[in-house]
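Read through the structure below, which is laid out as structure tokens, and then see the notes.
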Amino acid sequence: MLAATPHPECFNLRRQQVLAWMHSQGGGIAIVPTAPERTRNRDNHHSYRHDSDFYYLSGFSEAQAWLVLIAGDTDQSILFCEDKNPEVEIWTGVRWGPASAADHFGFNQAHALEDLNTRVTDLLIGQRNLFSTLSRPAHPELLKQLNDWLTAARASVRDTRALPQQWHDLSEVLAELRLLKDASELATMRAAAKISAQGHVLAMQAARPGCHEYELEAELLYHFRKHGAQSVAYDSIVASGANACVLHHRAGNSVLQDGELVLIDAGCELDGYASDITRTFPANGRFSGPQRALYDLVLAAQLAASEKTSPQYHFNVGHEAAVNVLTQGLLDEGLLQGTLEQALETAAYRRFYMHRTGHWLGMDVHDVGSYRSPPASDQDRPWRQLRAGMVLTIEPGLYVRPAPDIAEKFWNIGIRIEDDAVVTETGCELISRGVPVAPDEIEALMRSRS
């Protein structure tokens with residue numbers, strides 16, 4: 001369970017924003033669940049992680065909770081959560097309980113979970129619209145539960161027009177709100193990036209030929225937890241040699257070999273917010289000539305993308321800048337043939353660079369928010385203009401697998417460089433540069449290994 005947030009007013013402000021939007025749609029009732037607990041095996045559960053939308057509106061991180069918002073003559077926010085139970089709390093830890101939760105988190109009301117069905121059924125009566133996270137449901141049985149409550153409500157009224165006649169999806173509204181981070185969110189994300197960067201430094205210093213990928217993963221996990229992160233933001237990627245050409249390779253039993261590169265893509269989650277950093281470095285502490293050539297190329301692509309990450313540009317401009325640099329470099333190194341225009345037109349670079357240069361980052365590592373201008377229903381809309389307060393990754397890469405038409409010196413070189421960027425009024429701030437990125441600095445760091 002997360003530590004209690006010190007900023008309950010932030011969550012109240014978000015609820016007020018959602019309520020204002022609900023009023024613009026005619027008012028009504030919104031019902032938002034958190035994520036359920038999930039069984040790992042038999043009677044053993046995975047570590048619990050709240051639903052991001054629910055937490056964004058509530059600040060409440062316990063399982064088995066529901067949030068109800070009512071946009072009416074008097075707006076209301078109501079939490080349903082598990083009641084205090086001293087016997088259960090001996091086994092699973094202290095619960096907030098409704099009374100304490102209402103007071104601490106700023107809800108108008110809070111009730112025990114056992115009262116959920118009765119109270120929600122009554123609250124549905126007289127509401128014009130029903131709102132929920134329909135396209136991004138946190139609870140696997142959300143639609144069934146909503147229909148069950150409506151069925152129960154119909155049984156208690158003569159005129160069904162007294163019940164919600166229209167359903168509305170809150171998912172896009174919440175995505176738009178979550179896309180712009182407030183000062184509290186940015187402070188948490190900077191702290192998460194700092195912890196993750198330090199973890200990468202320790203992993204680099206621990207790396208040497210003969211150690212296993214999982215040993216470097218252990219260095220990361222140890223540092224993340226030691227410095228207060230509750231979890232990893234995603235399963236850590238630790239890939240040595242040819243494994244670095246597998247984009248989502250999990251840390252395994254592979255042994256680092258002299259002369260190989262190591263790619264680590266890892267980040268912690270702190271107080272519900274993700275970080276996401278990738279670094280690539282030589283296992284023996286020194287880049288070979290071909291490795292250095294491609295590394296310099298990827299780093300130049302990241303710089304080009306960073307320079308195009310500002311409110312002056314739309315989301316895709318950074319990707320286009322990175323692709324141009326990478327494609328020209330692949331031509332210069334003989335990995336592609338023809339002209340730059342031909343290689344771009346045919347997307348020939350995708351043989352070596354098959355992913356995009358970035359994604360939104362926030363409560364989820366691949367955070368919510370359309371990359372195109374709203375509304376989401378229009379698939380041909382233009383790319384979204386960047387705005388101060390958005391956070392995204394900048395992560396170009398190159399992955400060269402063995403092939404008869406590829407010079408052997410480049411075989412099995414996989415490189416990705418990824419940083420977390422906060423869009424500012426004038427450009428962007430790379431908040432994850434606490435770990436070296438310049439090749440000379442990486443080599444110097446690895447020479448400092450004990």
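Can you tell me how many residues in region 394-411 are in a loop (DSSP other than H, G, I, E, B) and among the charged types (D, E, K, R)? Lay out the reasoning, then the answer.
Step one: filter region 394-411 for residues in a loop (DSSP other than H, G, I, E, B), giving 395-396, 401-407, 411.
Still in the list and also among the charged types (D, E, K, R): 395, 401, 405.
Final tally of qualifying residues: 3.
Across region 167-190, which residue is surrounded by the most Cβ atoms within 10 Å (Cβ to Cβ) among those that are out of contact with any Gly (no Cβ under 8 Å at 6 or more places or on another chain) and farther than 30 Å from Glu429 by Cα? Steps first, please.
The initial filter retains those residues of region 167-190 that are out of contact with any Gly (no Cβ under 8 Å at 6 or more places or on another chain), namely 167, 169-174, 177, 183-184, 187, 190.
Next cut, farther than 30 Å from Glu429 by Cα only: 167, 169-170.
Working: Trp167: 14, Asp169: 15, Leu170: 23.
If we take residues in region 167-190 being out of contact with any Gly (no Cβ under 8 Å at 6 or more places or on another chain) and farther than 30 Å from Glu429 by Cα, then Leu170 is surrounded by the most Cβ atoms within 10 Å (Cβ to Cβ).
Does region 68-86 include one or more residues that are assigned to a helix (DSSP H, G or I), modelled with pLDDT of 95 or more and within 22 Å of Met22 (Cβ to Cβ)? Talk me through it step by step, then tell me what you get.
Applying the first criterion (assigned to a helix (DSSP H, G or I)) to region 68-86 yields 86.
Now narrow it down to the ones that are modelled with pLDDT of 95 or more: 86.
Then drop every residue that is not within 22 Å of Met22 (Cβ to Cβ), which leaves none.
Scanning region 68-86, I find no residue that is assigned to a helix (DSSP H, G or I), modelled with pLDDT of 95 or more and within 22 Å of Met22 (Cβ to Cβ), so the answer is no.
Can you find, within region 87-116, the residue that is nearest to the chain's Cα centre (by Cα) among those that are in a strand (DSSP E or B) and of a type in the set (Gly, Ala, Ser)?
Residues of region 87-116 in a strand (DSSP E or B): 109-112.
From what's left, of a type in the set (Gly, Ala, Ser): 110, 112.
Details: Ala110: 29, Ala112: 31 Å.
Within region 87-116, the match that is nearest to the chain's Cα centre (by Cα) is Ala110.
Can you list residue pairs whose Cβ atoms sit under 6 Å apart, with the first residue in region 6-29 being within 18 Å of Thr188 (Cα to Cα) and the second being among the polar types (S, T, N, Q) and surrounded by fewer than 18 Cβ atoms within 10 Å (Cβ to Cβ)? Count only pairs 6 or more apart in sequence or on different chains.
Going by the 6 Å Cβ cut-off, the qualifying pairs are His7/Ser184; Cys10/Ser184.
Does Gly397 satisfy the condition of being crowded, with 21+ Cβ neighbours inside 10 Å, under 20 Å from the mean Cα position of the chain (by Cα) and either at pLDDT 95 or above or hydroxyl-bearing (Ser, Thr, Tyr) (or both)? Explain how you work it out, then say what you get.
Numbers: crowded, with 21+ Cβ neighbours inside 10 Å: yes; under 20 Å from the mean Cα position of the chain (by Cα): yes; either at pLDDT 95 or above or hydroxyl-bearing (Ser, Thr, Tyr) (or both): yes.
Yes; evaluated as a whole, the condition is true for this residue.
When region 160-196 is examined, which residues are found to be part of a loop (DSSP other than H, G, I, E, B) and among the acidic types (Asp, Glu)?
To start, the set of residues in region 160-196 that are part of a loop (DSSP other than H, G, I, E, B) comprises 163-165, 170, 180-182.
Residue satisfying the conditions is Asp182 alone.
The rows are residues; the columns are (1) of a type outside the set (D, E, K, R); (2) touching a residue at least 40 places away in the same chain (Cβ under 8 Å); (3) more than 30 Å from Ile406 (Cβ to Cβ).
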{"position": "Leu344", "(1), (2), (3)": "yes, no, no"}
{"position": "Ala347", "(1), (2), (3)": "yes, no, no"}
{"position": "Tyr353", "(1), (2), (3)": "yes, yes, no"}
{"position": "Arg356", "(1), (2), (3)": "no, no, no"}
{"position": "His359", "(1), (2), (3)": "yes, no, no"}
{"position": "Met363", "(1), (2), (3)": "yes, yes, yes"}
{"position": "Asp367", "(1), (2), (3)": "no, yes, yes"}
{"position": "Arg387", "(1), (2), (3)": "no, yes, yes"}
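Per-residue answers, yes or no, for (1) in contact with a helix residue (DSSP H, G or I) (Cβ under 7 Å, 6 or more places away or on another chain); (2) touching a residue at least 12 places away in the same chain (Cβ under 8 Å); (3) of a type in the set (Val, Ile, Thr):
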residue	(1), (2), (3)
Arg225	no, no, no
Ala229	yes, yes, no
Ala233	no, yes, no
Ala244	no, yes, no
Gly252	yes, yes, no
Glu260	yes, yes, no
Asp265	no, yes, no
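Looking only at region 123-144, count how many residues are free of Cβ contacts under 8 Å to residues at least 12 places away in the same chain and either assigned to a helix (DSSP H, G or I) or of a type in the set (Val, Ile, Thr) (or both).
2
Hey, His45 hits all of (1) buried (at least 20 other Cβ atoms within 10 Å of the Cβ); (2) under 26 Å from the mean Cα position of the chain (by Cα); (3) farther than 29 Å from Arg161 by Cα; (4) not hydrophobic (A, V, I, L, M, F, W, C) but one; which does it fall short on?
(1) is the only condition that His45 fails.
The values are calculated or read from the model by the stated rules, or taken from the named source; none is laboratory data. Computed from a prediction, not measured in an experiment: that's the story for all the values here. Methodologically, a virtual Cβ is constructed for each residue, glycine included, from the backbone with ideal geometry; neighbour enumeration extends over all protein chains shown.
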